[in-house]
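Right, one structure below, let's go through it.
Taken together, the values in this text are just the output of simple stated rules run on the coordinates, not laboratory data. Values in this document were obtained by computation on a predicted structure and should not be read as measured data. Cβ atoms come from the backbone with ideal geometry, glycine included; neighbour counts cover every protein chain shown.
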Amino acid sequence: MRGLRETPKRILCGILVALVVARACAATGDDVQRSVSRMQPSVARQVRPATIADVDTYLKWKWRSDMSDPATGLSNAALKVGVKKVYEAHEDREPWAETSARMFAYLADNMAVGFSKFDCFPAIACWNRWDRPLSGVLSARCAKVDARYSPGLRAEIKALHDSGRGRADWKDFDHSAPDWERILKLGFTGLKARVDAYTDDTPFYRAEKATAETILRFVRRMLATAEAHPDVGSRLMQKEIASLRRLVAGPPQTCFDVMQFTMLYFILSEHVNRFQVRTLGNIDASWWPYYRADLAAGRTTEADFREEFSHFIWQFGSIDNYWGHPMYLGGTDRDGATLYNPLSDIILDVIDQEALPTPKFQVKLAANTPDRIWTKTLDMLRRHRSLVLMSERGMADSMKPLGLSAEERRDLLVWGCYEYIPRGTGNCTSGFRLNMLQPVLDILADVAKGASAPPTFDAFLARYKRELNANADRLMRIVNESESHLAEIHPALVLSLAIDSALACGVDAFSTGMTYNFSAVGEVGFASAVDSLLAVKALVYDRRELSLVELERVLAVDWKGHEALRLRATRTLPKWGRGEATADALAADVMETMARHIIGKPNGRGGKWTVYGLHSRAFIEFGCDTPASPDGRRKGDHLSKNVAPSVGAETEGVTGTLRSYAKIRPENFPCGSVLDIMISPATVSGKKGLAAFRALVQYWMDNGGTALNVNIVSAEELRDAQAHPEKYENLQVRVAGWNVRWNDIPKREQDDFIRRAEEIAR
């Protein structure tokens with residue numbers, strides 16, 4: 001077995017031994033019923049049935065299609081036409097914040113809604129994240145503001161993109177999060193009362209007060225519509241109506257009220273205001289006081305909660321939006337006590353039972369995490385459940401360069417895929433990517449065109465660092481300009497209501513209204529860059545097999561006619577991720593150089609720049625456009641993912657990966673980074689395998705880990721799934737910060753998974 005190799009570290013020796021040994025080794029109601037199987041089939045192979053007559057079918061199609069009642073309002077298509085008219089009638093005739101509040105009111109007042117005896121949450125006409133009514137208006141407004149303030153900006157963005165050096169073509173309105181515990185205590189009525197207390201007569205406050213009134217009007221309309229529904233007497237609708245009555249009168253009183261409030265806030269922010277809610281918070285901790293009080297008062301039972309929470313997560317599962325809708329479990333309070341509680345166990349059980357790719361759940365791990373949580377979580381990962389592991393200590397350590405207090409760093413809010421921010425006081429935009437491989441290719445191209453060749457590898461490396469930093473500077477300058485006018489493009493109306501600092505200073509929460517307004521450069525192709533530098537060092541400077549010009553010519557023809565050389569570059573040259581001292585030192589040097597150059601510089605929102613060691617699917621997107629590289633990669637092949645070795649480099653298995661990763665300090669990635677690993681199922685089977693799995697994760701935590709993506713798959717199973725997709729409708733793999741069904745990813749990505757699985761099994 002080559003999944004884990006010997007290491008001087010005692011703990012990894014223990015893992016090795018353990019893994020070797022391991023290889024041997026209720027009815028939901030009176031008016032509706034659910035089927036035994038709750039596995040959600042692949043969206044691509046689904047056709048909506050003509051009649052929906054059960055809970056399972058209803059939940060699978062809700063928000064994947066329009067389940068609203070046309071009699072209650074306008075369709076999504078009609079909303080787009082109507083809101084455009086509001087935009088055209090009022091733009092530039094009043095402050096933009098007030099026009100935005102007007103559009104928000106139009107959508108909230110007019111969109112069709114729906115209720116069903118099969119569900120205890122509402123349906124809305126604006127169901128499709130890709131086709132939200134405000135998207136067209138926002139695009140038009142963005143173009144106008146860019147032209148007004150930065151006429152050359154879009155040309156610069158395109159030039160950066162075309163050069164392959166980076167991307168900054170996205171204004172990130174997809175990362176927002178309220179202080180959930182704070183607003184749960186206020187409710188919709190409290191949010192309105194709080195903003196109404198401000199007497200300043202400015203566009204910001206006028207817009208926020210109008211928004212708060214619109215929200216309450218929306219909730220009242222939801223209640224009236226539900227009360228008039230033909231199935232008003234059904235059990236689930238009675239539950240929903242009772243909750244809506246409490247929410248129009250005050251803050252949530254029960255745990256179900258909390259879920260209903262959360263769902264409505266989500267609808268209003270993400271689907272109406274078009275600000276994606278990137279976390280629902282640590283729901284086990286924030287919901288526990290309500291659930292405990294419900295049990296004590298006899299208002300609910302565990303079975304009731306399980307049913308309600310199942311419906312809750314199916315709202316997000318039906319969207320099938322792979323990157324959205326995260327929430328997390330656990331953590332440690334400011335006094336050092338664990339936040340895990342009996343509700344944590346129930347939530348994990350429901351997640352396990354429903355087996356949905358989304359929503360995605362992060363699990364905070366710390367020294368005080370109960371053993372039962374460890375056991376349950378790791379076992380679920382063995383069975384492909386959608387979980388990401390987060391290390392509290394690594395998260396706290398990583399934030400040190402940004403000037404947060406120790407208390408703030410102990411209570412970080414996990415949001416997005418694996419990012420984290422100060423709870424209720426910070427945000428971070430993150431639509432900007434830097435291609436770490438491109439400077440290597442640019443240097444080779446320049447030398448081929450006649451530029452002087454660096455005489456030594458140290459000189460080559462120094463030039464690489466200069467160009468990498470210059471690319472970062474260019475990207476940051478473009479983004480600073482792009483982000484300087486966010487409130488003039490798209491005010492965060494719903495979010496600002498939920499942020500104390502925004503209301504206190506009268507400034508939009510997504511502009512400069514937070515205490516911490518971060519922007520992050522996402523590195524792309526880190527391991528690909530390091531491996532290419534190692535290849536240049538070996539082939540050109542150490543072995544002198546090729547000159548820089550000759551190497552560039554080989555890459556220019558995509559290795560054609562040089563397959564033997566490409567295979568040597570791929571298989572025998574040093575790679576990062578094997579625990580090799582030289583490779584690890586170079587990787588640490590490169591990352592430190594970039595991090596020191598970026599972190600702390602001023603951004604365009606009155607805050608600081610930081611670095612993410614994560615990048616969603618950019619490793620695929622950049623790879624498609626990036627030419628062949630010295631590490632043996634062909635043109636169009638994917639770049640390395642996040643802070644993980646390149647595919648094919650993991651010849652020393654997880655042990656080598658962990659040794660290398662341990663050399664990359666978490667302080668280089670304030671706000672988030674992730675390590676992707678793949679493990680053979682046989683190595684973590686049984687009780688001893690589970691113990692070994694825990695030891696591995698503990699080693700990762702002890703050595704600066706912040707977020708961990710785990711795939712536990714075999715090459716044999718994946719090959720069979722590729723050949724017989726009908727047998728694997730619910731097989732899930734982890735692509736980035738999310739799970740996705742195997743059948744829904746392209747063959748090229750499937751092939752990468754298979755190659756990695758084959759490598760770890762050798």
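List of remarks:
- The range 312-426: Cα Rg divided by the 2.2 N^0.38 Å rule of thumb: 1.08
- Once both labels are positioned 7 Å from their Cα atoms along Cα-to-Cβ, the gap between Ala53 and Ala89 label points is 4.5 nm.
- Volume of the Cα convex hull of the range 461-566, divided per residue and given in Å³: 164
- Reciprocal of mean inverse Cα separation for the chain (Kirkwood radius, Å): 27.1
- FRET efficiency for the Glu717 to Gln46 pair, using the beta carbon distance and R₀ = 30 Å, is estimated at 0.80.
- The range 114-181 and the range 244-277: distance between their alpha carbon centers, rounded to Å: 22
- Projecting the Cα positions of Ile499, Ala583, Met476 onto the charge dipole of the range 461-617 (unit charges on Cβ atoms of Lys, Arg, Asp and Glu, taken about the Cα centre) puts Ala583 furthest along the positive direction.
- In this Cβ point-charge picture (+1 for Lys and Arg, -1 for Asp and Glu), the range 200-239 has a dipole of about 220 debye about its Cα centre.
- Ellipsoid fit via the Cα gyration tensor, the range 225-269: semi-axes of 18, 12, 9 Å, each the root of five times an eigenvalue, largest first.
- Extension gain, Asp379 to Trp170, is 71.4 nm, computed as 0.36 nm per intervening residue step minus the present C-alpha separation.
- Here the spin labels are modelled as points 7 Å beyond Cα on the Cα-Cβ line, and at Ser75 and Lys185 they lie 4.6 nm apart.
- Selected from Leu573, Val55, Leu441, residue furthest toward positive end of dipole (the chain; charges at beta carbon): Leu573
- Packing-based order for 509-518, 238-247, 736-745, 299-308, using average beta carbon neighbours within 10 Å, highest first: 509-518, 736-745, 238-247, 299-308
- The phi torsions of the range 239-251, fed into the Karplus equation with coefficients 6.51, -1.76 and 1.60 and a -60° offset, translate into couplings of 4, 5, 4, 4, 5, 4, 4, 5, 6, 6, 9, x, x Hz, rounded to whole numbers, with Gly and Pro shown as x.
- The listed peptides 461-474, 387-400, ordered by packing as a protection proxy, come out as 387-400, 461-474 (highest mean of other Cβ atoms within 10 Å first).
- Among 104-116, 368-380, sorting by the average number of other beta carbon atoms lying within 10 angstrom of each residue, highest first, gives 104-116, 368-380.
- Where both bridge residues fall in the chain, DSSP classifies roughly 35% of the beta bridges as antiparallel.
- Charge dipole (the range 605-762, unit charges on Cβ, about Cα centre) - positive-most of Ala662, Leu718, His638: Ala662
- Helix-only CD estimate at 222 nm, as mean residue ellipticity for the chain, using -39500 (n - 2.57) per DSSP H run (n ≥ 4): -15500 deg cm²/dmol
- Entry for the range 665-749 at q = 0.13 Å⁻¹: log10 I(q)/I(0) = -0.54, Debye formula applied to identical alpha-carbon scatterers, no solvent contribution.
- Given +1 at the Cβ of Lys and Arg, -1 at the Cβ of Asp and Glu and no other charges, the dipole of the range 707-754 around its Cα centre is 120 debye to the nearest 20.
- The charge dipole of the chain, taken about its Cα centre with unit charges on the Cβ of Lys, Arg, Asp and Glu (plus for the first two, minus for the last two), comes to roughly 1140 debye.
- Estimated FRET transfer efficiency when R0 is 30 angstrom, pair Arg477-Ser65 (beta carbons, to 0.05): 0.10
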